[in-house]
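J.: I'd like to ask some things about the structure below.
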Amino acid sequence: AVAAPDPEASLARRDATFAQVQEHYFAHPPLIERGWRHHLVDTRAQTYIDMVNNVTQIGHGHPRLVEAVRDQWARLNTNSRFHYDELSRFTERLAELAPEGLDTVFLVNSGSEAVDLALRLAQIHTGRRTILAVTEAYHGWTMASDAVSSSLGDNPRALETRPDWVKLVAAPNSLRGKHLGPDSAPAYLADLDADLAALDAAGAEVAGYIAEPVFGNAGGLMLPDGYLAGVYERIRARGGVCIADEVQVGYGRLGHYFWGTEQQGAVPDVITIAKAMGNGQPLGAVITRREIAESFAAEGSFFSSAGGSPVSSVVGLTVLDVMRDEHLQENAATVGDHLAARLRELGDRHPLVGAVHGMGLYLGMELVLDRETLKPATAEAALVCDRMLAEGCIVQPTGDYKNVLKIKPPLCITHESADRFVDALDLVLATL
Ligand code: PMP
């Protein structure tokens, strides 16, 4: 047998050639060798509960997925200019799942591509340029998806460097924003009315609006009740296109809802999905109304070499089959409710816990130094993550201040593992 590489030596080799603009989890990360369900195992046979991998929707190493991919790779993998039934079955399935009226699917390879395409669709369909996006958001790394990303946790200069076609509106952050609490939607909508009036006065007609229906990158913050429906009504009244970025929070993760927009009682014109739909296989999609998709013809045709390939289509179909047969959305609801309740209890004992956000298995624990001022406990959040690693749990911070522990494990996580995670967090919080 070949000896496992030394983790630090392997890290040095990675740093020598892999672009250093991308951070890795942990200063001294374990060298991960394999995954199983919601667990990861390193080369020293340490096991970890994986609370970070919302991409790995149905769990690591799922035998059904392995089998389906092996079989499809052996039979056929090609591009979608060819005709094969896997693609027909997959797009049909996605259109069935999509909100009312969204019947047309584009298949791409990532969330960034999906967002990029959604923005182009909005601009082409309306013949306008201006896109409204909210602060504290992340939508991807390509030119256009980066342009609408303003998360300071990812880019401290984001607010100064947006291109002129992007107009940022304040995130309706009901914990730290201008208006507080779950009933703050009317106040945020009044602010939006003022923003829209200013755009009207400047002659900047709105092509579209993009936001996550639950603020995933801000740490799983729920939007105030009625906010998104109010926004969509205003954007549509101006002829704009409403884009819901469901890359992180959609696809069953919220447990009680398949789509984030359902939780808000709002129906978008375009949704973007990726991550979970491929369980780690590069897979993304835009689902929209036929007339919006058809506008794209004005810009020529659309083609993505690997988007919607037979292998990707089979991955997508198998993920949906496993979700259905293993009742994973239901598991997200029951384990998620239990986990959220236990995390909130930790708040009774640990003053560092400022709030628990989210729903189902998209949760965020916001750490603060002071519950009055809400001063972010950024350094403490990093320390908690390091100590949780030693306890066999992988968790990472997010948000503008990197003080929200994001809790978004594979949807197959059990009550036992959820409890073990909370017990470990209880111990670790007591050490601070
Ligand atoms: N949208 C959201 C909400 C995301 O969180 C991400 C990735 N973190 C993206 C889009 C981009 O997806 P990808 O990394 O697959 O390009």
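J.: Quick one: if you stick a label point 7 Å off each Cα along the C-beta vector at R64 and V41, how many nm between them?
T.: 2.3 nm
J.: Next question. For the chain, give the share of DSSP beta bridges that are antiparallel, in percent and rounded to the nearest 5; count only bridges with both residues there.
T.: Working: 33 of 51 bridges.
Within the chain, antiparallel bridges account for around 65 percent of the total.
J.: Test of understanding: what is the full-extension gain from A27 to E330, defined as 0.36 nm times their sequence separation minus their Cα-Cα distance?
T.: Numbers: separation 303, 0.36 × 303 = 109.08 nm, distance 3.58 nm.
Gain in length upon complete extension: 105.5 nm.
J.: Also: What ranking do T414, T378, T161 get, fewest neighbouring Cβ atoms within 10 angstrom at the top?
T.: Details: T414 14, T378 18, T161 10.
Ascending Cβ contact count within 10 Å gives the list T161, T414, T378.
J.: Pop a pseudo-label 7 angstrom from the Cα along the beta-carbon direction at both A170 and D321 and give the gap in nm to one decimal.
T.: Simple spin-label model gives 5.0 nm for this pair.
J.: Explain nothing, just the number: dipole magnitude of region 29-119 about its Cα centre with +1 on each Lys and Arg Cβ and -1 on each Asp and Glu Cβ, in debye rounded to the nearest 20. Could you put the intermediate results ahead of the total?
T.: Details: 9 positive and 13 negative charges, 87 e Å.
Dipole size: approximately 420 debye.
J.: Grab the chain and count how many Lys pairs have their alpha-carbon atoms under 22 Å apart, sequence gap of 8 or more, or different chains. Let's see the in-between values first.
T.: On the way: K167/K178; K178/K375; K178/K402; K275/K402; K275/K406; K275/K408; K375/K402; K375/K406.
Lysine pairs satisfying the spacing and distance rule in the chain number 8.
J.: Oh, and also: Expressed as a rounded percentage, what relative contact order does region 63-325 have, with Cα pairs under 8 Å and six or more residues apart? Please report the intermediate quantities before stating the final value.
T.: Numbers: 500 pairs, mean separation 78.9, N = 263.
It rounds to 30 percent for region 63-325.
J.: While we're on this one: Starting with the highest mean, order 259-271, 383-395, 8-20, 211-223 by the number of other Cβ atoms within 10 Å, averaged over the residues of each peptide. Don't jump to the answer; show the numbers that get you there.
T.: Working: 259-271: 23.2, 383-395: 18.6, 8-20: 10.6, 211-223: 27.1.
So the peptides 259-271, 383-395, 8-20, 211-223, ranked by packing, come out 211-223, 259-271, 383-395, 8-20.
J.: Dipole of region 116-269, Cα-centred, from +1 at each Lys and Arg C-beta and -1 at each Asp and Glu C-beta, to the nearest 20 debye? Don't skip to the end; give the middle numbers.
T.: Working: 12 positive and 19 negative charges, 37 e Å.
It works out to roughly 180 debye.
J.: If each residue of separation counts as 0.36 nm, what is the full-extension length gain between D6 and T373 once their alpha-carbon separation is subtracted?
T.: Once the chain is fully extended between D6 and T373, it gains 127.7 nm.
J.: Per DSSP H run of n ≥ 4, the term is -39500 (n - 2.57); total these for the chain, divide by its residue number, and report the mean residue ellipticity at 222 nm rounded to 500 deg cm²/dmol. Walk me through the intermediate numbers first.
T.: Values: 13 runs with 163 residues, N = 432.
After summing the helix terms and dividing by the residues of the chain, the value is -12000 deg cm²/dmol.
J.: Now for a different question. So for the pair D85, A187, with labels modelled 7 Å out along Cα→Cβ, what separation do we get in nm?
T.: Taking the two extended label points, one gets 5.8 nm.
J.: Can you compute the charge dipole magnitude of the chain about its Cα centre, using +1 on each Lys and Arg Cβ and -1 on each Asp and Glu Cβ, nothing else charged? Give it in debye, rounded to the nearest 20.
T.: On the way: 37 positive and 56 negative charges, 110 e Å.
So the dipole magnitude of the chain works out to roughly 520 debye.
J.: Give me the number: length gained by fully extending D386 to A197, i.e. 0.36 nm times residue separation minus the C-alpha to C-alpha distance, one decimal in nm.
T.: Working: separation 189, 0.36 × 189 = 68.04 nm, distance 4.73 nm.
Length gained between D386 and A197: 63.3 nm.
J.: A follow-up question, please. If packing is taken as the average count of other Cβ atoms within 10 Å, what order do 46-58, 99-111 fall into, highest mean first?
T.: On the way: 46-58: 21.5, 99-111: 19.4.
Packing order, densest peptide first, comes out as 46-58, 99-111.
J.: Ranking H338, H125, H139 by Cβ neighbours within 10 Å, fewest first, what do you get?
T.: Numbers: H338 14, H125 24, H139 29.
Ascending Cβ contact count within 10 Å gives the list H338, H125, H139.
J.: By counting other Cβ atoms within 10 Å of each Cβ, how are D85, D337 ranked from fewest to most?
T.: Values: D85 9, D337 15.
Sorted ascending by nearby Cβ count, the order is D85, D337.
J.: Same structure, new question: Which of the listed residues, S112, I271, G358, is farthest toward the dipole's positive end in the chain, when Lys, Arg count +1 and Asp, Glu count -1 at the beta-carbon?
T.: Of S112, I271, G358, it is S112.
J.: Give the residue from Y227, A197, A237 lying farthest towards the positive end of the charge dipole for region 174-260; charges sit on Cβ (+1 for Lys and Arg, -1 for Asp and Glu) and the dipole is referred to the Cα centre.
T.: Y227
J.: Given a Förster distance of 60 angstrom, what is the FRET efficiency for A74 paired with R236, based on the Cβ-Cβ distance and rounded to 0.05? Don't skip to the end; give the middle numbers.
T.: Values: r = 48 Å, r/R0 = 0.79.
For R0 = 60 Å, the calculated efficiency reads 0.80.
J.: Also, quick follow-up: At a Förster distance of 51 Å, what's the computed FRET efficiency of R349 paired with Q20, Cβ-Cβ distance as r, to 0.05?
T.: Values: r = 40 Å, r/R0 = 0.78.
In this case the efficiency is close to 0.80.
The numbers here are math on the coordinates, done by the rules we state, and not lab data. For clarity, every value in this text was computed on a predicted model and none was experimentally measured. So basically every Cβ, Gly included, is an ideal-geometry build from the backbone, and we count neighbours across all protein chains shown.
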